[in-house]
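The values are calculated or read from the model by the stated rules, or taken from the named source; none is laboratory data. Source: prediction; values computed, not measured. We place every Cβ from the backbone using ideal geometry, glycine too, and count neighbours over all the protein chains shown.
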């Protein structure tokens, strides 16, 4: 029967090996993410857009890259699907576009801030996400 | 109580109960909003309710873990807490930071990253606060003559939880790396080091409640936490499938996530076996109910329901849908909420000297919360699967789908009402036990 010391060694060695592998994979991931996410296209405007996205907790209702809350639409492909003008209108007066429906906070963004959010969503939409979001396949 | 400073735990537990109550209130606000009743939108918009609900969960569980440490460590180490004054200052400052964060959310002050919504200046205060806690508990253990495995596993879990908060502070402009580091905190907490805390608290409870030999229980504790880390560390990969990270994470995350239920299965089998083997007929029956409930429900919620959607082929469709909420609710309830309620149920009669734990109200609290949470999980599951098929597989518009699944949120609210009635019953019993005293407690209770 396994002794307590052997059980402790199993825990320590297993944890050490797995954490070591995780660190190595993290180093490799850090080196590959810039190419996979087209980081060269990450403009100052897109970076400001990310900051606006975070400081208004957009993830508190929406998902982006499939992460966030499930109260409002997934935003990863909003730029190619809806276009810049739709996003601009939505950021100006959401209730005008969807009267009487689920509400979004009306923000007082200036035109530059709206451009920044659009630039951020454009950059997000061009990433290689290993096939996410998948195209609907039941209505073909 | 064997040590006077154990009663510090009572104030941590009382804070936990208060925060849990608030968390449930925000949960109802969100449930009604999903049904279309969003009358509070102008004062509590959905994202404020959501951030409050999530952060209150994290803080009430952490407060519960801290309370558990203040109760368990003196008894295991056979000495008083190093500095009771520091413990009270730490609790007070934790409450202050928490309240500031929740109020801030309602004035659009946040960092806006899922589960890490609190603004950056408050992050630094959390770090200072947790360092105070780690110092106080660490010194208590350091100066003790006796250092048990249960103590060391619990302390290592708490220390790693504090250290793993730091990767979340790494600055990056890239959304993918932002998410990457965020999961170092969130995943390695809940599917990593929090399970050490869980293992430590469960071991303590099983040793006390069953009377089974400490050597046997602690040996299995090492094996279970070993399996937890073997599967859980690389299992972080299931968050890296579709966020812009390399494709190999699909295979690594898929394989190691599939192993994650084994750790929870191990906990469930171990708890049931130990309970059956135990010769001791401990008078606190409800503490045993919560302990075994935690072991079994964590396997179902975190183990099975997690596995149900972490296979990459499934997750491609379920990623970012209400299916995640289904798994999340029962996982947190089973693994961590029931654990905190178990240690409270065990320790309160010992701290207050009032042996009210086996009342019918306590039994109602256990069964109605359990049945309520299972029903909530079913409601989220039905809504989530319907969402996956209508929106993701058939391509229907998001808002049309949300209209179609509104009715499942009525089911959710009814289930949540049953659940909440159980929590009210639990807190009623907690209050009825009164404040802690320094009177010695009967030997058969400890």
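Condition check: under 30 Å from residue A:38 (Cα atoms), assigned to a helix (DSSP H, G or I) and either facing chain A (nearest Cβ under 10 Å) or touching a helix residue (DSSP H, G or I) at 6+ places or on another chain (Cβ under 6 Å) (or both). Does residue B:220 satisfy that?
no
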**Asked** Within segment B:306-317, is even one residue part of a helix (DSSP H, G or I) and more than 28 Å from residue A:137 (Cβ to Cβ)?
**Response** no
**Asked** Could you list, in sequence order, the residues of segment B:384-401 that are in a helix (DSSP H, G or I) and at the interface with chain A (Cβ under 9 Å from one of its Cβ atoms)?
**Response** B:384, B:387, B:389, B:391, B:392, B:393, B:398, B:399
**Message:** Can you tell me which of (1) more than 23 Å from the chain's Cα centre (by Cα); (2) under 30 Å from residue B:69 (Cα atoms); (3) buried (at least 24 other Cβ atoms within 10 Å of the Cβ) is the one residue B:216 doesn't meet?
**Reply:** (3)
**Item:** Some residue of segment A:99-110 being part of a helix (DSSP H, G or I), within 11 Å of chain B (Cβ to nearest Cβ) and more than 14 Å from the chain's Cα centre (by Cα)
**Value:** no
**Request:** Could you pull out the residue among B:296, B:274, B:340 that is away from every other protein chain (no Cβ under 13 Å), within 14 Å of the chain's Cα centre (by Cα) and in a helix (DSSP H, G or I)?
**Result:** B:340
**Prompt:** Can you tell me which residues in segment B:175-189 are at the interface with another protein chain (Cβ under 9 Å from one of its Cβ atoms) and without any contact (Cβ under 8 Å) to a residue 40 or more places away in the chain?
**Reply:** B:177
**Asked** Are any of the residues in segment B:104-112 assigned to a helix (DSSP H, G or I) and either more than 14 Å from every other protein chain (Cβ to nearest Cβ) or under 30 Å from residue A:68 (Cβ atoms) (or both)?
**Response** yes
**Request:** Looking at (1) without any contact (Cβ under 8 Å) to a residue 60 or more places away in the chain; (2) touching a helix residue (DSSP H, G or I) at 6+ places or on another chain (Cβ under 6 Å); (3) surrounded by 20 or more Cβ atoms within 10 Å (Cβ to Cβ), find the lone condition where residue A:80 falls short.
**Result:** (3)
**Criterion (surrounded by fewer than 17 Cβ atoms within 10 Å (Cβ to Cβ), within 28 Å of residue A:124 (Cβ to Cβ), touching a residue at least 12 places away in the same chain (Cβ under 8 Å) and within 14 Å of chain A (Cβ to nearest Cβ)) met by exactly one of B:171, B:167** = B:167
**Prompt:** Does residue B:246 satisfy being part of a loop (DSSP other than H, G, I, E, B), in contact with a helix residue (DSSP H, G or I) (Cβ under 9 Å, 6 or more places away or on another chain) and either at negative phi or facing chain A (nearest Cβ under 10 Å) (or both)?
**Reply:** yes
**Message:** I'd like the full set of residues that are more than 19 Å from residue B:240 (Cβ to Cβ), at the interface with another protein chain (Cβ under 8 Å from one of its Cβ atoms) and either at pLDDT below 95 or not in a helix (DSSP H, G or I) (or both), limited to segment A:16-49.
**Reply:** A:42
**Prompt:** Is there a residue being within 19 Å of residue B:157 (Cα to Cα), touching a helix residue (DSSP H, G or I) at 6+ places or on another chain (Cβ under 8 Å) and in contact (Cβ under 8 Å) with a residue 24 or more places away in the chain anywhere in segment B:271-287?
**Reply:** no
**Message:** On the basis of being without any contact (Cβ under 8 Å) to a residue 12 or more places away in the chain, within 19 Å of residue B:243 (Cβ to Cβ) and either out of contact with any strand residue (DSSP E or B) (no Cβ under 6 Å at 6 or more places or on another chain) or not in a helix (DSSP H, G or I) (or both), does residue A:89 make the cut?
**Reply:** no
**Message:** Can you tell me which residue is surrounded by the most Cβ atoms within 10 Å (Cβ to Cβ) among those in segment A:106-140 that are farther than 20 Å from residue A:35 by Cβ and not assigned by TED's automatic domain parsing to the domain that holds residue A:86?
**Reply:** A:133
**Message:** Checking residue B:391 against (1) farther than 20 Å from residue B:342 by Cα; (2) out of contact with any helix residue (DSSP H, G or I) (no Cβ under 9 Å at 6 or more places or on another chain), only one condition comes out false. Which one?
**Reply:** (2)
